[in-house]
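Chemist: Please find one structure pasted underneath; my questions will follow.
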Amino acid sequence: MTTLQTPTDRMETGDLADDRNARLLRVLGGLSLIATPLLFLGGAATSPPQADESASAYIASLADDPFVSAVSANLFHYSWVLAAFGALAAIGLVRGRRGRTLTLWGGLAAAFGSIQFTGLLYSDWVLDAMGNRLDMDDAVAVFTHVTETASISVWLLSAKLLGLLGFPVLFAGLARAGVIAWWLVPLALLPMIAFGVVGGVLGLVLGLACYAPWFVTGLRLVQRGRL
């Protein structure tokens with residue numbers, strides 16, 4: 001005998017499905033934020049060393065070992081892909097009005113900037129090929145021409161401003177909402193300093209410690225998703 005569902009039953013079933021989907025997205029967003037630093041650190045650890053900061057040294061480092069360059073580029077690329085998912089999911093951690101605006105705009109900026117960074121990683125494969133198939137002078141000339149165009153300059157600037165500064169704003173909003181502790185917020189500004197100024201193994205260790213806001217926020221999302 002077939003049991004007919006009333007409109008109320010169907011609404012309740014739909015609500016349960018929506019709730020399960022929302023919980024799943026929180027868990028996936030949390031896992032994305034936890035995985036982001038690990039992939040990024042893997043990309044930094046496998047990034048080919050440069051002799052100096054010149055364009056020719058950069059291209060030569062990528063062309064020297066195409067396999068390692070590809071591994072590093074892939075790790076960097078997917079770290080930013082997951083960062084975009086995690087940033088959007090983190091917006092949902094705020095339940096009240098307190099901290100909502102900071103979290104919303106920080107999350108949107110972080111997600112957009114992360115997406116910008118993923119596209120920039122394509123250049124690693126191109127530069128690897130140019131370094132192996134062209135004279136270095138020609139490779140540098142092409143690289144310089146592309147990077148000096150107005151649209152690429154805007155692309156680079158938006159990626160750096162939104163991708164790197166959006167996350168500290170996001171975490172500040174979460175701290176104001178009471179989701180994470182305030183002392184975690186300044187740490188979100190330090191990973192790039194750890195890699196750029198300190199460098200080496202010590203830079204990787206400090207970078208991992210500075211990614212604490214990502215780990216804590218990711219765990220909060222996983223916990224909310226499992227409630």
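Chemist: Does segment 57-100 hold any residues that are of a type in the set (V, I, T) and more than 22 Å from F215 (Cα to Cα), and which are they?
Modeler: I59, V68, V71, listed by residue number.
Chemist: Here is a follow-up. Just to check your reading of the model, which residue among N74, N132 is over 21 Å from the mean Cα position of the chain (by Cα) and either open to solvent by 20 Å² or more (accessible area, probe 1.4 Å) or on the phi > 0 side of the Ramachandran plot (or both)?
Modeler: When all the criteria are applied, what remains is N132.
Chemist: Among (1) open to solvent by less than 70 Å² (accessible area, probe 1.4 Å); (2) within 17 Å of the chain's Cα centre (by Cα); (3) modelled with pLDDT under 95, where does T46 come up short?
Modeler: For T46, the failing item is (2).
Chemist: Of the conditions (1) open to solvent by 50 Å² or more (accessible area, probe 1.4 Å); (2) part of a helix (DSSP H, G or I); (3) of a type in the set (G, A, S), S32 satisfies every one except a single condition; which number is it?
Modeler: Just one mismatch for S32, condition (1).
Chemist: Inside segment 105-121, can you point out the residues that are open to solvent by 30 Å² or more (accessible area, probe 1.4 Å), touching a residue at least 40 places away in the same chain (Cβ under 8 Å) and over 15 Å from L82 (Cα atoms)?
Modeler: W105
Chemist: While we're looking at this one, here's another question. Considering only segment 18-40, how many residues are basic (K, R) and in contact (Cβ under 8 Å) with a residue 40 or more places away in the chain?
Modeler: Matching residues across segment 18-40 total 2.
Chemist: In the list V201, V197, which residue meets the criterion of being at pLDDT below 90, open to solvent by 60 Å² or more (accessible area, probe 1.4 Å) and closer than 23 Å to A83 by Cβ?
Modeler: Values: V201 fails: closer than 23 Å to A83 by Cβ.
On inspection, the qualifying residue turns out to be V197.
Chemist: Test each condition in (1) in contact (Cβ under 8 Å) with a residue 12 or more places away in the chain; (2) not in a helix (DSSP H, G or I) for E53 and report the one that comes out false.
Modeler: (1)
Chemist: Right, here's the next one. Go through segment 40-98 residue by residue and tally those that are polar (S, T, N, Q) and farther than 22 Å from A141 by Cα.
Modeler: 5
Chemist: Just to be sure, is L41 surrounded by fewer than 16 Cβ atoms within 10 Å (Cβ to Cβ), assigned to a helix (DSSP H, G or I) and either of a type in the set (K, R) or modelled with pLDDT of 85 or more (or both)?
Modeler: Working: surrounded by fewer than 16 Cβ atoms within 10 Å (Cβ to Cβ): no; assigned to a helix (DSSP H, G or I): yes; either of a type in the set (K, R) or modelled with pLDDT of 85 or more (or both): yes.
Criteria not met by L41.
The values are calculated or read from the model by the stated rules, or taken from the named source; none is laboratory data. Owing to the predicted nature of the structure, the values given are computational and were not obtained by experimental measurement. So basically every Cβ, Gly included, is an ideal-geometry build from the backbone, and we count neighbours across all protein chains shown. Note: accessible area is taken over every heavy atom of the protein model, side chains too, but ligands, DNA and RNA are not part of it. Shrake-Rupley method; radii C 1.70, N 1.55, O 1.52, S 1.80 Å.
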